[in-house]
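Undergrad: Following this message is one structure expressed as structure tokens.
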Protein chains: 2
Amino acid sequence: MKAAVGESGELKSSKSKPGMNRGLSILDFILRLAAIVGTLGNAIAMGTTNQTLPFSTQFIRFRAEYNDLPMFTFFVVANAIVTGYLVLSLPLSIFHIVRSRAHGTRVLLVFLGAGMMALLTAGASAAAAIVYLAHKGNSRTNWLSICQQFNSFCERISGSLIGSFAGIVLFMVMIFLLGAALSRRH
Amino acid sequence: MKAAVGESGELKSSKSKPGMNRGLSILDFILRLAAIVGTLGNAIAMGTTNQTLPFSTQFIRFRAEYNDLPMFTFFVVANAIVTGYLVLSLPLSIFHIVRSRAHGTRVLLVFLGAGMMALLTAGASAAAAIVYLAHKGNSRTNWLSICQQFNSFCERISGSLIGSFAGIVLFMVMIFLLGAALSRRH
């Protein structure tokens with residue numbers, strides 16, 4: 001066990017081993033940048049996806065867009081919100097690099113991170129359910145696959161999903177790093 | 001600020017204000033029991049849902065079951081796993097009531113709780129996407145609503161979803177209580 005880490009002990013503690021916590025904070029910052037690129041890319045990739053088939057009847061042009069299905073709209077909104085949160089959390093992450101013994105703000109980031117991870121998971125999961133149906137269809141409910149017609153649309157939304165699940169993994173690693181930095185004070 | 005809370009100060013600190021942390025731990029225990037009832041109920045409600053229509057052709061009986069759609073199977077499995085986790089975490093929760101200054105095990109429960117909340121969210125979200133389609137259908141992809149035929153099936157799965165989202169809220173409160181107990185040591 002380490003020495004006492006109360007108000008009086010903090011300075012000594014931070015002087016004796018600041019390097020490790022600083023390293024964790026720098027890694028956290030880099031992961032946040034990577035997650036911003038990922039979630040922003042997902043939102044843009046899904047939001048700009050559309051495909052118009054090269055034939056049409058007199059009244060209907062066959063066209064698929066992300067906002068035909070509300071779950072894809074939710075996916076885009078969830079990714080946009082998470083991107084916004086990540087950008088706003090960058091200053092706190094820099095603050096942790098400078099002050100490697102900060103405690104309260106790290107607890108805050110763990111909570112917000114868990115909430116944002118749940119939001120990202122909900123968006124990715126709802127979109128994944130629809131992508132599965134689009135690829136496979138379902139015979140019992142008579143919902144037919146649409147990927148035969150809209151194959152480039154389907155490829156694009158599938159790729160966007162993979163990026164979103166990578167974002168969820170990044171969030172898990174970030175929460176773990178924050179927890180490691182928190183528990184090192186004890 | 002409180003007195004130093006290092007190894008030497010712990011005993012004094014736990015003697016001077018054990019009541020609040022103990023109260024939080026008891027509340028955490030009660031919430032866990034409520035969440036077990038909720039998630040187990042969801043898994044059973046979704047798992048036993050089926051409806052056979054009162055007419056049939058020569059070859060086909062019209063019947064809807066939860067495992068017609070893989071997302072509902074995932075929902076049942078996710079709820080079952082979370083129920084198992086909650087049962088296994090009960091001893092730790094009791095341990096926190098007895099030893100109200102435990103730290104490492106609370107950090108562990110925050111991480112596992114965040115992961116389980118993500119799993120529950122993924123299951124509920126995928127099932128919600130399908131329930132939405134079952135109720136409303138989607139004209140662009142030509143997926144028709146099935147709730148006109150299978151209305152009692154639809155009511156049952158919708159109710160099960162509400163229970164699952166209540167479970168997610170319970171998890172958020174539990175993580176918050178653990179965090180409050182953790183931050184009180186500083």
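Rule-based calculations on the coordinates, nothing more; no lab input. Note that the structure is a prediction, hence the values are computed from the model and not measured. Here Cβ is always computed from backbone atoms with ideal geometry, including for glycine, and neighbour counts include all displayed protein chains.
Undergrad: In nanometres, what is the gap between the two model label sites at A:Val37 and B:Phe176, each 7 Å from Cα along Cα-to-Cβ?
TA: 3.6
Undergrad: Every other copy gets compared here: list the nm distances from the A:Met20 label point (7 Å along Cα to Cβ) to its counterparts, shortest first, one decimal.
TA: Result, one decimal in nm: 2.9.
Undergrad: Length gain on complete extension for the stretch B:Val169 to B:Asn142, per 0.36 nm per residue less the alpha carbon to alpha carbon distance? Let's see the in-between values first.
TA: Values: separation 27, 0.36 × 27 = 9.72 nm, distance 3.47 nm.
Gain on stretching B:Val169 to B:Asn142: 6.2 nm.
Undergrad: Also, I was wondering about something else. Find how much the distance from B:His135 to B:Val77 grows on full extension, using 0.36 nm per residue of separation minus their present alpha carbon separation; answer in nm with one decimal.
TA: 18.6 nm
Undergrad: Counting partner chain Cβ atoms within 10 Å of every residue's Cβ in A:138-150, what's the average?
TA: Partner-chain Cβ atoms within 10 Å, mean over residues of A:138-150: 4.
Undergrad: With r as the distance between the Cβ atoms of A:Thr52 and A:Asn151 and R0 = 22 Å, compute the FRET efficiency 1/(1 + (r/R0)^6) and round to 0.05.
TA: Numbers: r = 13 Å, r/R0 = 0.60.
About 0.95, to the nearest 0.05.
Undergrad: Could you work out the mean count of beta carbons from other protein chains within 10 Å of each residue's beta carbon in B:112-122?
TA: Details: counts 0, 1, 12, 4, 0, 5, 11, 2, 2, 9, 9.
The mean count of partner-chain Cβ atoms within 10 Å per residue comes to 5.
Undergrad: Can you give me the orientation-averaged projected area of the convex hull built on the Cα atoms of the range B:71-125, in nm²?
TA: Details: hull surface 14.4 nm².
Projected area, direction-averaged: 3.6 nm².
Undergrad: Could you check how many percent of all C-alpha pairs in the range B:28-186 are farther apart than 19 Å? Please list the in-between numbers first.
TA: Details: 7305 of 12561 pairs.
The calculated P(r) of the range B:28-186 puts 58 percent of pairs beyond 19 Å.
Undergrad: Could you sort A:146-156, A:37-47 so that the peptide with the highest average Cβ count within 10 Å comes first and the rest follow in order? Don't skip to the answer; put the middle values down first.
TA: Details: A:146-156: 16.5, A:37-47: 20.9.
Peptide ranking by packing, descending: A:37-47, A:146-156.
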